[in-house]
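Structure first, commentary second.
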Amino acid sequence: MTVYVIINPMNKKLFILASASPRRKELLKKIIKNFKVAVSSVDETKIKAKTPEGFAIKAALTKAKDVARKHKHSLVIGADTIVVLGKKILGKPKNKQAAFKMLKSLCGKTQKVITGIAIVDSDTLAKITDYEVTKVSMKKASDKDIRNYIDTHKPLDKAGSYGIQEMDEVFIDKIVGDYDNVVGLPVKLLKKLLGKKSR
C-alpha cells in the first residue's frame, strides 16, 4: 500500500538516512549529495505485519519516525530490506551456522528481495511509503562454496546472509528487477517518491 502525502524536498530541509548500512549510504549518494546519517533504536524483531511487503514498509516507517522525533527540520529516509523464500522472511543470521543454513536453503531457488521505503517530514510527520521487489535466482552452489563465501565476506549483517555485490557466477543465476534494491536501496523508486525526475 502506498500512502501519498505532499512532501516538498526542495524546502531546504536536511536529509537524514535512518540507517547504519554503508551500502545504503553509497546508493543514496547517487541522488542526494548532502545528507546526515542517524541510526534508529528500533528493535525490528518486535515488528509484526500480515505480509512481507507490509513488514518491510512498517519497519522502514518505524525507523524513519524514530529518527524524525529526534531531528527537527528534516526529511528522514527509512529503509528495510528483507529476503523472502516462499512465505518465509529471512532476516540477518545470528551466527555462521545460521548463515550456512540460510544460504543452503536459497541455493537452487528463486527468492524475492523486498525493500520498504519511508520518507517522513520531522516537523509534520507527513509520510510517503512504498516498496520495491526484485527476484533473485540462485544456482545450486556446493557446501564448500557456501562456507568459503561465509569465511571471506561478512554475512551476519545482511538479510538472507548475502550481499549481492559480493556474489559471483558461482551463486547467481538471474536477477529480475532493480539491482540496487537487492543491495539495499531502490534508488529509482526513491527518486520518484522524492519527486525528482529521472535523467
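The values are calculated or read from the model by the stated rules, or taken from the named source; none is laboratory data. For clarity, every value in this text was computed on a predicted model and none was experimentally measured. Here Cβ is always computed from backbone atoms with ideal geometry, including for glycine, and neighbour counts include all displayed protein chains.
Summary of values
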| item | result |
| --- | --- |
| Residue count, the range 59-103 (criterion: under 19 Å from Ser122 (Cβ atoms) and not in a strand (DSSP E or B)) | 15 |
| Filter result (of a type in the set (Phe, Trp, Tyr) and modelled with pLDDT under 90) within the range 1-49 | Tyr4 |
| Within the range 11-57, tally of residues that are farther than 13 Å from Val120 by Cβ, in a helix (DSSP H, G or I) and of a type outside the set (Asp, Glu) | 12 |
| Residue list for the range 115-149, filter: surrounded by 23 or more Cβ atoms within 10 Å (Cβ to Cβ) and either of a type in the set (Ser, Thr, Tyr) or under 15 Å from Ile82 (Cβ atoms) (or both) | Thr115, Gly116, Ile117, Ala118, Tyr131, Glu132, Val136 |
| Every residue from the range 150-178 that is at positive phi and surrounded by fewer than 18 Cβ atoms within 10 Å (Cβ to Cβ) | Gly177 |
| Qualifying position, being touching a Leu at 6+ places or on another chain (Cβ under 6 Å) and of a type in the set (S, T, N, Q), among Gln97, Gln165, Gln111 | Gln111 |
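Here is a yes/no grid of residues against (1) in contact (Cβ under 8 Å) with a residue 60 or more places away in the chain; (2) touching a helix residue (DSSP H, G or I) at 6+ places or on another chain (Cβ under 9 Å):
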residue	(1), (2)
Lys127	yes, yes
Tyr131	yes, yes
Asn148	no, no
Asp151	no, yes
Gly163	yes, yes
Glu166	no, yes
Phe171	yes, yes
